[in-house]
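The values are calculated or read from the model by the stated rules, or taken from the named source; none is laboratory data. Just so it is clear, the structure is predicted and the values come from calculations on it, not from any experiment. Using ideal geometry, Cβ is built from the backbone for each residue, glycine included, and neighbour counts are taken over all protein chains shown.
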Amino acid sequence: MATATDPGAQPAGAEPVPARAETAAAPPGGPAVTWLGHATAVVELAGRRVLFDPLGRGRARRAGPVDAVLITHSHVDHLNRWTLKAIDRDTLLVVPRGARPIVADLGFREVREAEPGDHVDLGGVDVVAVETKHDNGRWRKGDAPVCTGYVVRADGLAVHHAGDVDFSDHSVFDELGKRFDLAATLLPIGGMLPVAYYRWRRTAMDRGVHIDPDCALDIYQRLGARALVPIHWGTVNLRLSGSQGPRKRLEVQAAAAGIAGVRILGHGEALPLGPNAGDRATPSG
């Protein structure tokens with residue numbers, strides 16, 4: 001991770017894990033979600049292209065031209081100054097409320113702050129900031145007030161990007177599922193430690209920092225989205241985390257529970273959106 005003394009540095013120890021596709025984020029001729037690694041993704045709807053949480057200049061370049069960059073929260077693997085310096089300064093940059101000072105000196109022509117309930121109009125595409133559950137702050141808890149997810153919607157399609165999620169009260173996602181008919185949701189399935197650690201902490205404590213694959217499947221069902229695109233895995237080796245463990249756990253648990261619509265992508269791989277993106281998940285119980 002970048003250090004507190006150099007917030008613009010490249011994340012230390014971030015060694016790319018081999019992926020199935022290292023191509024440019026070129027959607028297949030229509031609405032699509034393209035995963036570029038970690039929480040970095042491109043959503044294209046109605047001819048507009050939105051880049052989420054860019055991490056790594058190579059990924060930012062592979063994203064190609066975008067109409068807006070959306071930042072979910074201020075942790076350095078989501079709001080990465082070193083990466084943002086590689087993005088065209090004429091691109092609209094949307095950050096959570098309170099995070100503007102972190103990017104104020106980067107030279108972007110327009111920076112907007114957003115908090116849940118806010119809308120950003122991209123000319124035919126509506127970006128809605130929505131509730132999520134995650135520790136705020138950049139270097140310590142509480143030094144930035146807001147974390148947010150986003151829903152991007154146009155032409156009858158809607159895509160949700162959650163950023164990071166804690167394994168606390170997930171009822172907020174029940175409300176999002178009632179409010180939006182989601183073609184896809186992008187949910188994190190890995191943290192910085194092995195899956196087993198988060199599974200233990202989820203059962204032993206009331207709160208934690210990162211959800212595990214089991215929690216991601218629960219949230220997916222609460223949202224009722226037609227497809228789940230897992231993010232925050234298989235990209236960097238940090239400390240004791242296993243790069244492929246979250247994916248394997250997700251596949252096993254989804255198969256055991258008969259949950260359809262899980263779409264595991266390689267870096268640079270796109271999921272076309274529409275009727276065949278996935279089967280709408282059904283809330284359990």
Completion exercise
Exactly one of Val69, Val127 is outside any loop (DSSP other than H, G, I, E, B), in contact (Cβ under 8 Å) with a residue 40 or more places away in the chain, crowded, with 16+ Cβ neighbours inside 10 Å and under 18 Å from the mean Cα position of the chain (by Cα), and that residue is Val127
Practice task
Assess whether Ala225 counts as being of a type in the set (Gly, Ala, Ser), modelled with pLDDT of 65 or more, on the phi < 0 side of the Ramachandran plot and crowded, with 18+ Cβ neighbours inside 10 Å.
Solution key: yes
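Filtering the stretch 149-168 down to residues that are of a type in the set (Val, Ile, Thr) and modelled with pLDDT of 90 or more, which residue is nearest to Ala225 (Cα to Cα)?
As a first pass, look at the stretch 149-168 and keep what is of a type in the set (Val, Ile, Thr): 151-152, 159, 165.
Now restrict to residues that are modelled with pLDDT of 90 or more: 151-152, 159.
On the way: Val151: 12, Val152: 13, Val159: 9 Å.
In this case the residue turns out to be Val159.
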Handout entry: Selected residue (criterion: modelled with the lowest pLDDT) from residues of the stretch 238-273 that are of a type in the set (S, T, N, Q) and either farther than 23 Å from Thr34 by Cβ or part of a strand (DSSP E or B) (or both)
Key = Ser241
Fill in the blank from the handout: When restricted to Arg140, Arg57, Arg100, the only residue surrounded by fewer than 19 Cβ atoms within 10 Å (Cβ to Cβ), at pLDDT below 90 and basic (Lys, Arg) is Arg140
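Is one or more of the residues making up the stretch 203-222 assigned to a helix (DSSP H, G or I) and modelled with pLDDT under 70?
Looking for residues that are assigned to a helix (DSSP H, G or I) and modelled with pLDDT under 70, one finds at least one in the stretch 203-222, hence yes.
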Practice task
Answer yes or no: is there a residue in the stretch 44-55 that is more than 20 Å from Ala154 (Cα to Cα), under 16 Å from the mean Cα position of the chain (by Cα), outside any strand (DSSP E or B) and without any contact (Cβ under 8 Å) to a residue 40 or more places away in the chain.
Solution key: yes
Problem - Set Thr282, Thr235: member being part of a loop (DSSP other than H, G, I, E, B), surrounded by 22 or more Cβ atoms within 10 Å (Cβ to Cβ) and modelled with pLDDT under 95 - result: Thr235
Practice task
Hey, can you tell me all the residues within the stretch 73-107 that are of a type in the set (Lys, Arg), in contact (Cβ under 8 Å) with a residue 60 or more places away in the chain and assigned to a loop (DSSP other than H, G, I, E, B)?
Solution key: Lys85
Practice task
Please find, within the stretch 169-198, the residue that is surrounded by the most Cβ atoms within 10 Å (Cβ to Cβ) out of those that are small (Gly, Ala, Ser) and either under 20 Å from Val95 (Cβ atoms) or at pLDDT 95 or above (or both).
Solution key: Ala184
Practice task
Taking Ala14 as meeting all but one of (1) aliphatic (A, V, I, L, M); (2) touching a strand residue (DSSP E or B) at 6+ places or on another chain (Cβ under 9 Å); (3) at pLDDT below 95; (4) within 28 Å of Arg263 (Cα to Cα), write down the number of the exception.
Solution key: (2)
